[in-house]
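The values are calculated or read from the model by the stated rules, or taken from the named source; none is laboratory data. Because the structure is a prediction, the values reported are computed rather than measured. Every residue, glycine among them, receives a Cβ derived from its backbone with ideal geometry; neighbour counts consider all protein chains shown. Heads up: the accessible areas ignore ligands, DNA and RNA and are worked out on the full protein's heavy atoms, side chains in. Shrake-Rupley method; radii C 1.70, N 1.55, O 1.52, S 1.80 Å.
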Amino acid sequence: MSASDRDLSELIHDWNTLEEIPGPRRGHVELDDETLRDGLQNPSVQDPELEDKKRLLHLMNDLGIDSASLGLPGAGPKAFEHVKALCEEIRDQKLNVTANCAGRTMVQDAEPMVRITQETGVPIEACLFIGSSPIRQFVESWTVNEILKRSTEAVSYAAGEGLPVMYVTEDTTRADPETIRRLYTAAVEAGARRVCVCDTVGHSTPRGAFAVTKFVREVVDATGEEVKVDWHGHRDRGLAVANCLAAIEAGADRVHGCGIGIGERVGNAEIELLLVNLMLLGWSDRDLSKLPEYCEAVSRAVEAPIPRNLPIVGDDAFETATGVHAAAVIKAAEKGSDWLADRVYSGVPAGSIGRRQVIKVGIMSGRSNVAWWLRENGHEVTDDRVAAILAAAKQSRSNLTDEELERLVSAS
């Protein structure tokens with residue numbers, strides 16, 4: 001039976017959709033790219049040159065990312081000038097991505113955002129943060145009343161200067177409900193129109209992310225104001241992307257991530273994985289064809305290599321040298337369907353991000369791997385040639401490179 005003879009979608013029974021999943025609250029999941037702020041807090045990365053930052057900003061825009069954290073302009077003259085230049089780039093190039101910046105809940109951190117907004121005409125969302133958990137309060141010798149005072153002063157100042165304000169509580173996922181209620185209610189009353197639930201130390205599980213986001217959603221809705229909820233999470237337990245999806249199900253309007261998962265300690269939710277998962281869930285129709293280019297640009301700009309086995313954009317993401325797997329991909333292609341070949345041994349269709357399935361030749365390969373490589377590279381497929389190459393592959397400790405394969409062809 002050829003691929004054209006049946007509805008190919010019937011070939012996949014999707015248990016992911018067996019139970020109804022709550023979709024995005026507003027039908028569109030907003031994404032905030034933290035690569036140029038939290039991403040640069042990674043212990044191993046370099047601060048990119050300004051032109052590299054501009055390039056990344058354009059790629060974020062091309063991917064349909066809604067907002068970008070441009071840095072902490074209160075951190076020093078260089079940080080201020082870079083944020084200002086990026087705002088000018090948004091203005092002059094008419095980019096759709098909007099700007100935000102992080103700062104402590106202090107007027108002195110919000111004031112540079114006000115100045116840049118006034119000088120460029122680009123409104124900066126002020127993301128003003130302070131710790132909220134009991135452990136942080138104990139270490140800092142803070143009382144909840146002191147946190148409230150600092151928070152309302154900073155939020156009131158920024159909102160009074162015309163900036164959109166997101167109030168951010170660090171370590172929200174380990175804060176008690178009453179403290180969260182008091183802080184968020186006071187921040188909304190002071191002028192914040194967005195709040196951010198932070199899994200600052202990567203503590204949360206998906207169930208926890210759902211529970212705390214649902215609670216915060218109820219708290220801000222009770223104020224009677226139109227307030228959006230964000231989720232910002234780290235991947236210390238390897239759960240960052242799953243937590244983002246759980247937060248969306250619980251009512252988050254926007255989730256945060258960084259290119260190739262860079263960020264404080266072991267990093268943030270990988271924004272490329274967020275983009276792909278939102279697409280696969282039917283929650284986003286963004287064009288992801290530039291996603292590999294974006295991730296490669298992040299890697300170069302911050303001097304952080306992309307691991308070969310990184311999902312979506314790693315070199316190994318859509319490669320196989322296993323004989324059974326390769327044979328299935330080849331048979332699918334022979335049925336005349338790229339759709340089929342892209343899914344028979346892949347949970348993510350490579351074509352959706354401008355990549356393709358690749359078959360390698362190695363110790364676990366079969367004759368079909370070799371025949372495929374020969375045809376793809378314009379060589380005649382003969383029994384002797386296939387046997388010679390396969391024999392060499394079985395003796396190798398790794399997959400054969402194209403150069404090694406070409407030498408074997410020449411010798412056969």
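Among the residues of the range 118-137, count how many are open to solvent by 30 Å² or more (accessible area, probe 1.4 Å) and either farther than 26 Å from residue 173 by Cα or of a type in the set (Val, Ile, Thr) (or both).
5
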Task: helices (runs of 4 or more DSSP H) completely within the range 221-334 that count 3 or more residues being buried (at least 24 other Cβ atoms within 10 Å of the Cβ) and without any contact (Cβ under 8 Å) to a residue 60 or more places away in the chain - done: 240-250
- [ ] Considering only the range 200-220, state which residues are at negative phi and in a loop (DSSP other than H, G, I, E, B).
- [x] 200, 201, 203, 204, 205
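To keep it simple, each residue is scored yes or no on (1) polar (S, T, N, Q); (2) more than 25 Å from residue 231 (Cα to Cα); (3) touching a strand residue (DSSP E or B) at 6+ places or on another chain (Cβ under 9 Å).
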site	(1), (2), (3)
71	no, no, yes
100	yes, no, yes
121	no, yes, no
124	no, no, yes
133	yes, no, yes
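Residues that are small (Gly, Ala, Ser) and at pLDDT 95 or above: does the range 275-282 have at least one? Before the answer, list the steps.
If we filter the range 275-282 for residues that are small (Gly, Ala, Ser), which is where we start, we get 282.
After this cut, where a residue has to be at pLDDT 95 or above as well, the list is none.
So far as the range 275-282 goes, no, none of its residues is small (Gly, Ala, Ser) and at pLDDT 95 or above.
Matching residues to (1) open to solvent by less than 60 Å² (accessible area, probe 1.4 Å); (2) in a helix (DSSP H, G or I); (3) touching a residue at least 24 places away in the same chain (Cβ under 8 Å):
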position: 10; (1), (2), (3): no, yes, no
position: 22; (1), (2), (3): no, no, yes
position: 45; (1), (2), (3): yes, no, yes
position: 56; (1), (2), (3): yes, yes, yes
position: 79; (1), (2), (3): yes, yes, no
Open item on the list: I need the full set of residues from the range 335-355 which are among the aromatic types (Phe, Trp, Tyr) and either in a loop (DSSP other than H, G, I, E, B) or open to solvent by less than 30 Å² (accessible area, probe 1.4 Å) (or both), in order please.
Closed with: 345
Open item on the list: Please go through (1) over 26 Å from residue 42 (Cα atoms); (2) buried (at least 23 other Cβ atoms within 10 Å of the Cβ) for residue 211 and return the number of the only condition it doesn't satisfy.
Closed with: (2)
- [ ] For the range 197-208, name all the residues that are in contact with a strand residue (DSSP E or B) (Cβ under 9 Å, 6 or more places away or on another chain) and open to solvent by 50 Å² or more (accessible area, probe 1.4 Å).
- [x] 201, 203
TODO: Considering only residues that are open to solvent by less than 40 Å² (accessible area, probe 1.4 Å), in contact with a helix residue (DSSP H, G or I) (Cβ under 7 Å, 6 or more places away or on another chain) and small (Gly, Ala, Ser), look in the range 371-405 and name the one that is nearest to residue 322 (Cα to Cα).
DONE: 371
- [ ] Inspect all residues belonging to the range 378-400 and state whether any of them is in contact (Cβ under 8 Å) with a residue 24 or more places away in the chain, under 20 Å from residue 292 (Cβ atoms) and either assigned to a helix (DSSP H, G or I) or basic (Lys, Arg) (or both).
- [x] no
TODO: State yes or no: is residue 172 open to solvent by 10 Å² or more (accessible area, probe 1.4 Å), among the hydroxyl-bearing types (Ser, Thr, Tyr) and either in contact (Cβ under 8 Å) with a residue 12 or more places away in the chain or over 22 Å from residue 74 (Cα atoms) (or both)?
DONE: no
